[in-house]
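Peer 1: I'd like to ask some things about the structure below.
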Amino acid sequence: MTRITTRPHAAETASLLADQGLHPVLARIYAARGVTGPDELSTELPRLLPPAQLKGIAEAAVYLADAIAARKRFLIVADYDCDGATACAVGLRGLRALGAQVDYIVPNRFEYGYGLTPEIVALAAQHSPDVIVTVDNGIASVDGVAAANERGIDVVVTDHHLPGAELPAARVIVNPNQPGCTFPSKNLAGVGVMFYVLLALRAELRERGIFTAQSQPRLDALLDLVALGTVADVVKLDANNRTLVAQGLKRMRAGRMHAGVAALFRAAGREASRATTFDLGFGLGPRLNAAGRLADMSLGIECLTTDDPARAWEIAQELDGMNRERRAIEAGMQEEALAIMAQPLDGLDPQACTTLSLFNDTWHQGVIGIVASRIKEKFHRPTITFAPGDDGYIKGSGRSIPGFHLRDALDLVSKRHPGLLVKFGGHAMAAGLTLRADDFGLFRQAFEAVGKEWLDDDALARVLETDGDIDASHMTTQFVTMLEELVWGQGFPAPVFAGEFAVLSQALLKDKHLKLQLGRGNERFDAIWFNHAVELGRSAFVAYRLDNNTFNGRTRVQLIVEHAE
């Protein structure tokens, strides 16, 4: 069941914003997202929070500057998703520009799993590094850092994930979510943390006279990569992250992006001159992620680090092919997941459960996270899908719903059933874990027990928040373009409107999409409800997004239906 609601907003705040020259509808939208004054809307670079408030960043800057001066060899150990790939590219490009000798490795997820493990340290040691710099991982790598220390390799951890009970004994840790860090934004992605480390390092090198304000490298040239990783990792777009993303989009729209980013836009069939967060999250991000899901993310990192447009385009086409393969695998796995949902398992009826734990011994490790996300969206239940691992283990990837902190839920299962979870980690909305295959049934029951305690009927009902009704006079291509140019995403959602319409006509496209013409007064609007084949009555209350649809050279406003009743 889906309920359509309207976000509350402070009318006084909306009036204040409108008085400052903001479009009245946009003023209402911002007020509903917690914006209290026009100063919060600036996305210029000076608005970025200063690096100094990040715990450990001053020590990291001094240590890295000393290591560069001593000609020490750096090795970045990256994660295998889009955030990890962009963080690695930012680290490589930035550290090299600042004078470091640096290389990287990105572990194959199927061979080594996640994080800086002792096995990855052994692999890294083949490169004879003096310093390992982790990006988008490392905060939970207690054993891996210990293994590096035993080999005489220093470790600098840059990460954004939540720490466990014990921190690794790294040379220095920079993570806004580590204990004692007072950085106001806890929502930096891994790539954002690495970018901040570079800002602090550059400032330290300036202090030492290595660079002047005029001769220092332009780190803002990395912001297209920072924006891509931030959006693709679905971190909350607070004011600081919105600034990072807005500046990255600005560079893309002006054509001042890296060759690999431009090639990914082309492969995705999207126009960089009109780049939006939607393009990054649903066009470029999945193509980069496909490399880590099906093969090796080193291909994606090469795409982001090459300056040769021809090579970048060659890689982007390969990534596009991998993404098509990923979609085919995903479609098959979704069908199998729905089949599992149709029958009881281990005494639990999936249709009556508050949580969903699904396993198939043919599923692909690299795609289970996407399938978990799709099943979660369809049934609005915390969902974990599992695929076979090695030596009798299975690996799970989970996605959650508002009000159910997934990592905390797994932590509670672990405390109630010591030894059941071989390892786990993550955050509120996404997590990963490893089990012995024989323990799947026990885990399913233990996880469901937590769900029954934490989730009531209200939490299990899907709520579609909207920004209320909008006058037909505002439904113009100019208004839609204005919305598209702004930064929307996790925690700062794109506007969804809702209102009553007459249903003037409706027809099915490709037997699965409902094409509509909706009316209000004398106005007529084309609309489409994707992946919905049930026709509406003569009128409907419709929740929708606004979109500019260009056909035969003519651009008209189209309503993308999210739900109707």
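Peer 1: How would segment 404-449 be classified by its alpha-carbon gyration tensor: rounded, prolate or oblate, with rounded meaning a/c under 1.5 and the a/b versus b/c comparison settling the rest? Please report the intermediate quantities before stating the final value.
Peer 2: Working: a/c = 1.74, a/b = 1.45, b/c = 1.20.
Here segment 404-449 falls in the prolate category.
Peer 1: Filter the chain for me: DSSP H helices, axial length by Cα at least 27 angstrom, mean Kyte-Doolittle hydropathy not below -1.0. List them by residue number. Intermediate results must be reported in sequence, preceding the final value.
Peer 2: Numbers: long enough: 309-341 (46 Å, -0.51).
The qualifying helices are 309-341.
Peer 1: Within segment 515-549, whose backbone N sits under 20 Å from a point 7 Å along Cα→Cβ of MET1?
Peer 2: Output list for this probe position: 541-543.
Peer 1: Extension gain ALA97-ARG151, at 0.36 nm per residue separation less the Cα-Cα distance, in nm?
Peer 2: Values: separation 54, 0.36 × 54 = 19.44 nm, distance 2.80 nm.
The span from ALA97 to ARG151 would gain 16.6 nm if fully extended.
Peer 1: Oh, and also: Put +1 on the Cβ of every Lys and Arg and -1 on every Asp and Glu Cβ in the chain; which of VAL62, ALA337, ASN548 then has its Cα farthest towards the positive end of the dipole?
Peer 2: Ranked along the dipole, the leading option is ASN548.
Peer 1: Loop-only check: which trypsin sites (Lys or Arg not before Pro) in segment 535-565 are DSSP coil with at most 14 other Cβ within 10 angstrom? Mind dumping the intermediate values first?
Peer 2: Details: sites: ARG538, ARG545, ARG554, ARG556; in loops: ARG538.
Answer by residue number: ARG538.
Peer 1: With a cut-off of at most 13 other beta carbons within 10 Å, and DSSP calling the residue loop, which GluC sites (Glu not before Pro) in segment 268-320 qualify? Please list them. All intermediate terms of the calculation are to be shown ahead of the outcome.
Peer 2: Working: sites: GLU271, GLU302, GLU314, GLU318; in loops: GLU271.
Those that pass, being in a loop and sparsely packed, are GLU271.
Peer 1: Give the total of Lys-Lys pairs in the chain with Cα-Cα distances below 23 Å; include a pair only if its members are 8 or more places apart or on different chains.
Peer 2: Step by step, the pairs that qualify in the chain add up to 19.
Peer 1: Among the GluC sites (Glu not before Pro) in segment 5-102, which ones are in a DSSP loop with at most 10 other Cβ atoms within 10 Å of the Cβ? Mind listing them?
Peer 2: Within segment 5-102, the qualifying GluC sites (Glu not before Pro) (loop, at most 10 other Cβ atoms within 10 Å) are GLU44.
Peer 1: Please arrange SER414, SER539 by counting, for each residue, the other beta carbons lying within 10 Å of its beta carbon, fewest first. Present the calculation step by step, with values, prior to reporting the outcome.
Peer 2: Working: SER414 17, SER539 14.
Least crowded to most crowded, the residues run SER539, SER414.
Peer 1: For the chain, what does the helix formula give at 222 nm: sum of -39500 (n - 2.57) over DSSP H segments with n ≥ 4, over the residue count, nearest 500 deg cm²/dmol? Intermediate values should be presented prior to the final figure.
Peer 2: Working: 19 runs with 221 residues, N = 565.
Helices in the chain give a 222 nm mean residue ellipticity of -12000 deg cm²/dmol.
Peer 1: Sort MET482, MET194, MET1, MET341 so that the residue with the fewest other Cβ atoms within 10 Å of its own Cβ comes first and the one with the most comes last. Mind dumping the intermediate values first?
Peer 2: Numbers: MET482 13, MET194 35, MET1 8, MET341 17.
Starting with the residue having the fewest Cβ neighbours, the order is MET1, MET482, MET341, MET194.
Peer 1: Once the other residues with Cβ under 14 Å from the Cβ of GLU204 are scored (Lys, Arg +1; Asp, Glu -1), what is the net sum?
Peer 2: On the way: positive: ARG202, ARG206, ARG208; negative: GLU59, ASP66, GLU207.
My count for the surroundings of GLU204 gives 0.
Peer 1: With a cut-off of 8 Å between alpha carbons and a minimum separation of six or more residues, what is the relative contact order of segment 343-460 in percent?
Peer 2: Working: 211 pairs, mean separation 28.7, N = 118.
For segment 343-460, the relative contact order is 24 percent.
Peer 1: Something else: Separation of segment 493-551 and segment 110-145 by C-alpha centroid, Å?
Peer 2: Answer, in whole Å: 51.
Peer 1: For the chain, with the dipole built from +1 on Lys and Arg beta-carbon atoms and -1 on Asp and Glu ones, taken about the Cα centre, which of PRO286, ALA430, PRO350 lies farthest toward the positive end?
Peer 2: Working it through, the farthest residue towards the positive pole turns out to be PRO286.
Peer 1: With only Lys, Arg, Asp and Glu charged, each at its Cβ (+1 for the first two, -1 for the last two), find how big the charge dipole of segment 464-564 is about the Cα centre; round to the nearest 20 debye.
Peer 2: Working: 9 positive and 13 negative charges, 94 e Å.
With only Lys, Arg, Asp and Glu charged at Cβ, the dipole is about 460 debye.
Peer 1: Something else now. Taking the Cα atoms of the chain, what is the range of coordinates along each of the three principal axes, in descending order and whole Å?
Peer 2: 74, 63, 47
Peer 1: Taking 0.36 nm per intervening residue step and subtracting the Cα-Cα distance, what contour gain separates SER273 from ASP349 on full extension? Please report the intermediate quantities before stating the final value.
Peer 2: Values: separation 76, 0.36 × 76 = 27.36 nm, distance 4.97 nm.
That pair, SER273 and ASP349, stretches by 22.4 nm at full extension.
Peer 1: Under a Cβ-Cβ cut-off of 13 Å, what is the net charge of the residues other than ILE29 that fall near it, where Lys and Arg count +1 and Asp and Glu count -1? Display every interim value, and only then the final one.
Peer 2: Values: positive: ARG7, ARG28, ARG33, ARG545; negative: GLU465, ASP467, ASP469.
Spelling it out: positives minus negatives among the neighbours equals +1.
Every number in this text was worked out from the coordinates using simple rules, so none of it is lab data. All values derive from a computational prediction rather than experimental measurement. Cβ: placed from backbone, ideal geometry, glycine included. Neighbour counts: every protein chain shown.
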